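Input: a single structure, listed below in structure tokens.
Derivation of every value follows stated rules applied to the coordinates shown; laboratory data play no part. Predicted, not measured: the structure shown is a model, and the values here were computed from it. For neighbour counting, all protein chains shown are included, and Cβ atoms are generated from backbone atoms with ideal geometry for every residue, glycine included.
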Amino acid sequence: MQQQQGPSWVEFDPRVAWLHDILKQLKNHKVLVITANADSALDLVDSLRTGSGIHAAVFHEHLSIVERDRAAAFFADEAYGSQVLVCSEIGSEGRNFQFAHHLILFDLPLNPDLLEQRIGRLDRIGQTETIQIHVPYLQNSAQEVMYKWYHHGLNAFEHTCPTGHNVFTQVEDTLVEALHQIDDGIDDLPALIATTQNLNQQLLVEL
């Protein structure tokens, strides 16, 4: 007997409803959405199509080079293209979308180098506006830990962070422990952020 599948995660994750709402608010703007993997990207694209009538382009590692080119071109087309391009992590590499000014980081990578790559898709020569970065997260979750570590510890959303990877390697164990032990992690987060800030400043001085 075939096992009945439960509801898809997009039906109960409040970040998805938030994504629908913010894309409606930004309907006159090109928006790049980056999530960790192809399955999540495809689920989000399907949810946007069925829930809001938004036909987003999609870009992930299972597409051929030609299919990726078509998705990128569909997003870039100002007159007839899609408002939204939803990428898996591969969207952080090798493509430039400096014509877009809004970046939605649907989730956050563990490694700061990947965050730099994501932001770098828009922060290119030819970018004419201040990039607006949007990061949805659930309170009292690993997502909140990552957001606050990046934002308050490394200031990585507002400035380039050349020290990020070196800092990460020094605090990785503590950060990972905080991500897996949410209750204790949230309580210990100020200490982790303070350590991150101090290491970051030391390395910036050395640079």
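Couple of notes before you dig in:
- Candidate membrane-span-like segments in the chain, meaning DSSP H helices with Cα atoms spread over at least 15 Å of their own axis and a Kyte-Doolittle mean of -1.0 or above, are 14-25, 38-52, 65-76, 164-180, 182-206, with no membrane implied.
- Within the chain, percent of DSSP bridges classed antiparallel, to nearest 5: 0
- Gyration tensor verdict on region 25-107 (Cα atoms; rounded if a/c is under 1.5, prolate if a/b is larger than b/c, oblate otherwise): rounded
- Of L19, F74, V31, farthest towards positive along the dipole that unit charges on Lys, Arg, Asp, Glu beta carbons give the chain: F74
- With the helix formula -39500 (n - 2.57) applied to DSSP H stretches of n ≥ 4, the chain reaches a computed 222 nm mean residue ellipticity of -15000 deg cm²/dmol.
- FRET efficiency estimate (nearest 0.05) - Cβ-Cβ, H151 to T174, R0 22 angstrom: 0.80
- Within the chain, the proportion of Cα pairs with more than 20 Å between them is 60 percent.
- Close amide-amide hydrogen proximity is noted between S82 and F75, D77, each under 5 Å apart and 5 or more residues distant or on a separate chain (H modeled in the peptide plane; Pro and chain starts excluded).
- Packing-based order for 35-47, 117-129, using average beta carbon neighbours within 10 Å, highest first: 35-47, 117-129
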